[in-house]
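Below is one structure, written out as structure tokens; the observations come after it.
The values are calculated or read from the model by the stated rules, or taken from the named source; none is laboratory data. Since the structure is predicted, the reported quantities are computational estimates derived from the model, not experimental observations. Glycine gets a Cβ as well: all are built from the backbone with ideal geometry, and neighbour counts include every protein chain shown. Each accessible area value is taken on the protein alone, full model and side chains, heavy atoms only, with ligands, DNA and RNA left out. Shrake-Rupley method; radii C 1.70, N 1.55, O 1.52, S 1.80 Å.
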Amino acid sequence: MRIKTGIDGLDEILQGGLLSERVYLLSGPPGSGKTTFCVQYLAQGAALGEVGLYVSLVESPQNIIDDMSNYSMNVVTLIKMQKLLFADLGPRMDYGFIDDLHERGIHEHDMINSPGDQGAPSPATVYKEIACYVSEYGVKRLVIDSVSAIRFTSKDPSLQEKEMSRFIRNLKKLGCTTILISEMTDPTVYSTEQFASHGVIFLHNFLYDKTMTRAIQIIKMRGTKHDCNLRGVGFTERGMAVQELLE
């Protein structure tokens, strides 16, 4: 079964979309469009009746909601319908966050947040929280932003790799189609996340012919015929769109 991403032009080069109930890694430098890609993916599912969960480990959900509301994804409406959920598993939410949500017509029961002060979350504690949300809300599409926030909770590099491998292996059991956001900026530097994930998508942001250019590259996609060529990326009122091949 193929899962439509909602990204214009992407499903066509993925034989119809992502394979369901698998884990995918989305990497790229700042400003390449990772957050837009993932919220668009969740909004597409929510519009089809599939509950989507965005787990934030770094950014305030308030900022994500505000930024994505500039697109015609109906983010606020989907949140109110509890088809699009945001879970803040990072540090304690900012002062004034709840007041700001009230002004936008969103109430506490529309959001799911981990209570109290928190230190750096570990892969194990994050997984347990996510598993509870998936079970309670019937989540089918999952985004975790970002794995970089939990990768370095151990100072021992070998333990880091072991914990990330275990984390991804357990995610595969949740029954969700999951996208992990990574802050990796060099696609040739290989990590446990790349090997353990079923697919790796890289978003580029670079200087091309004297112009800053965004592009997408499918580096790995198990069970899917694809090429590894760079394609341009643009943004419309609906969000991200994949364009023609870059020469």
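Scanning segment 31-89 for residues that are within 14 Å of the chain's Cα centre (by Cα), polar (S, T, N, Q) and part of a helix (DSSP H, G or I) yields 35, 36, 40, 44. Tell me which residues, restricted to segment 125-139, are more than 12 Å from residue 87 (Cα to Cα) and among the acidic types (Asp, Glu). Residue satisfying the conditions is 136 alone.
No other residue among 27, 56, 32, 20 is open to solvent by less than 50 Å² (accessible area, probe 1.4 Å), small (Gly, Ala, Ser) and in contact with a His (Cβ under 7 Å, 6 or more places away or on another chain) apart from 32. For segment 155-164, the condition of being assigned to a loop (DSSP other than H, G, I, E, B) and open to solvent by 20 Å² or more (accessible area, probe 1.4 Å) holds for at least one residue.
Residues that are of a type outside the set (Phe, Trp, Tyr), more than 30 Å from residue 1 (Cα to Cα) and either open to solvent by 20 Å² or more (accessible area, probe 1.4 Å) or modelled with pLDDT of 95 or more (or both): does segment 72-85 have at least one? So far as segment 72-85 goes, no, none of its residues is of a type outside the set (Phe, Trp, Tyr), more than 30 Å from residue 1 (Cα to Cα) and either open to solvent by 20 Å² or more (accessible area, probe 1.4 Å) or modelled with pLDDT of 95 or more (or both).
Out of all the residues in segment 172-179, is one or more small (Gly, Ala, Ser) and surrounded by fewer than 20 Cβ atoms within 10 Å (Cβ to Cβ)?
yes
Among the residues making up segment 207-247, those that are touching a Ser or Thr at 6+ places or on another chain (Cβ under 6 Å) and open to solvent by less than 80 Å² (accessible area, probe 1.4 Å) are 239, 240.
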